[in-house]
Amino acid sequence: MKKYGLSLLCCICISITAIAQKIENLVELKKESGNCLFHHLDKASRTPAFESEDYWVWGSSVVKGDDGKYHMFVSRFPKTLPFHPGWMVASEIVHAVSDVPQGPYHFSDVALPARGAQYWDGRSTHNPRILKQNGKYYLIYMGSTHPFAEPEYDQLTLDSPWCTVARANKRIGLAISDSPYGPWKRLDEPILKTQPGTFYSFLTSNPSPIIQEDGSIIMIFKGRRYINGYQHSAMSLGIAYAPQIEGPYKVLNNNQPIFEVNGQGEAEDPFLWKDSNGYHIIFKDHVAKFTGEQGGGVMAHSKDGIQWTVDKAPKAYSRSVEWEDGKIEMQGQLERPFILFEDGKPIYIFFATMDGPGGFENASRSWNMVIPIKDKE
């Protein structure tokens, strides 16, 4: 018994040492990396870019307004519900403001609140992406609904009726305003619905749109298909096009995914951008296929948005974070990346993050954090 206990202790010590060494190597890994993002990630601020008392908060998106201020749109949902799947049934998109791009951002108003089960997005709004064009502001987001009363904490599980219905009702929609302060006019129908027989026959979610030079929209999104008649598949990423923000949206690549489970493993949380070299994406390496780190970030490139090549140095970010106080720590989760550009130059990357050893159920706090992106050497 003592021998077994000693062996177990030794195994634990070896595992802890290996993790510690991996974390300590972060600075060297960034310095030596050939990845154009990972190599230039600076030290992160300990001050949250956004946090909301009594709420879980998650992914954000930022735009510079006509007033010269920076406007963040971010998801939040009450801590009276478990983090996962509380976001699926009770999230709202709120608006926060800062004088500087890195924040901290201060709560201003609720942009897209609950509006009733009869609406397609009536019970939850999530995954905001803010765009600005010709003096108007556009929020592209995930919405969902369900017909049930508000659940208690212990009632809400992944197998509960709330989650079963709300997950199947996830769709991508659009809201429009003349001001980042609202009011927001939501479209009556989603801009990207499901389609039978496709990889997105079950749901559409996690939109990451960009406005192209001619005003058209290219948008990467997450889809799941129905399998066995009533179950849903793992996650895939697809790409859609619209001639203008209001639509209509058409899924490209013959309704086939651009990143799929059999090829890339599960991929989610895409962030898309475009420059003179083509299209670029970072996404969460859900099963550690490319980066060797579950939850690390992958970078890929494309000339047409359909055929993608993973970067030669694929790791774009790590769950291990180098803080401005010199400490290096692994975050419980690090998701929903968003890069803020100014004058075509990436200046900050925002993440949704949480404390704890990992796993949504082990966190006591979540917030949106920001990492500066250093100038290229």
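Once you charge only the Cβ atoms, +1 for Lys and Arg and -1 for Asp and Glu, what is the size of the charge dipole of segment 28-138 about its Cα centre, to the nearest 20 debye?
220
If you count only protein heavy atoms and use a 1.4 Å probe, how large is the accessible surface of ASP67, to the nearest 10 Å²?
Approximately 80 Å² of ASP67 is accessible to the 1.4 Å probe.
Given the -39500 (n - 2.57) contribution per DSSP H run of 4+ residues, what per-residue ellipticity at 222 nm results for the chain, rounded to the nearest 500 deg cm²/dmol?
So the calculated ellipticity at 222 nm is -4000 deg cm²/dmol.
Quick one: net charge around ASP42, please, counting Lys, Arg +1 and Asp, Glu -1 for every other residue with C-beta under 9 Å from its C-beta.
0
Report, ordered by chain and residue number, the aspartates and glutamates lying within cross-link reach of LYS64, taken as a straight Cα distance under 15 Å and ignoring same-chain residues fewer than 8 apart.
Excluding near neighbours in sequence, the set is ASP99, ASP178, GLU342, ASP343.
How much of the accessible area of the chain, probe 1.4 Å, is carbon plus sulfur, in whole percent?
Carbon plus sulfur share of accessible area: 52 percent.
Place +1 on the Cβ of every Lys and Arg and -1 on the Cβ of every Asp and Glu in segment 237-339, take the dipole about the Cα centre, and give the residue among ILE328, ASN262, MET299 whose Cα lies farthest towards its positive end.
Positive-most Cα among the choices belongs to ASN262.
Give me the percent relative contact order of segment 13-171, please, defined on Cα pairs under 8 angstrom at least 6 residues apart.
18
Which distance in Å, rounded to a whole number, links the C-alpha centroids of segment 247-284 and segment 213-233?
Each part's Cα centre sits 10 Å from the other's.
Under a point-charge model restricted to the Cβ atoms of Lys and Arg (+1) and Asp and Glu (-1), what is the dipole moment magnitude of the chain relative to its Cα centre, in debye to the nearest 20?
With only Lys, Arg, Asp and Glu charged at Cβ, the dipole is about 740 debye.
Counting only residues 5 or more places away or on other chains, whose amide H sits under 5 Å from the amide H of ASP311 once H atoms are built in the peptide plane?
MET299, ALA300, HIS301
Which helices count as membrane-span-like in the chain under these terms: full DSSP H, at least 18 Å along the axis by C-alpha, Kyte-Doolittle mean of -1.0 or more?
The qualifying helices are 2-24.
If you take semi-axes √(5λ) of the Cα gyration tensor in Å from the coordinates, which of (1) 36, 31, 17; (2) 31, 25, 22; (3) 38, 24, 17 do you get?
Evaluating semi-axes √(5λ) of the Cα gyration tensor in Å on these atoms matches (2).
Given Cα pairs under 8 Å that are at least 6 residues apart, what percent is the relative contact order of the chain?
Worked out over the chain, it gives 16 percent.
Go through ASN134, GLY122, SER108 and say which Cα lies farthest out towards the positive end of the charge dipole of segment 102-185; charges sit on Cβ, +1 for Lys and Arg, -1 for Asp and Glu.
Value: ASN134.
Relative to the Cα centre, what is the charge dipole magnitude of segment 206-324, using +1 at the beta carbon of each Lys and Arg, -1 at the beta carbon of each Asp and Glu, and rounding to the nearest 20 debye?
Result for segment 206-324 is approximately 380 debye, rounded to the nearest 20.
Which of LYS185/LYS250; LYS31/LYS303; LYS132/LYS250; LYS170/LYS284; LYS170/LYS303 have a Cα-Cα distance over 24 Å?
Exceeds cut-off: LYS31/LYS303; LYS170/LYS303.
How large is the accessible surface of THR157 in square angstrom, using a 1.4 angstrom probe and rounding to the nearest 10?
Around 60 Å² of this residue is reachable by solvent.
The values are calculated or read from the model by the stated rules, or taken from the named source; none is laboratory data. Keep in mind it's a predicted model, so treat the numbers as computed, not measured. FYI the Cβ positions are ideal-geometry reconstructions off the backbone, even for glycines, and counts take in every protein chain you see. Side chains are part of the model used for accessible areas, which takes the heavy atoms of the whole protein and leaves out ligands, DNA and RNA. Shrake-Rupley method; radii C 1.70, N 1.55, O 1.52, S 1.80 Å.
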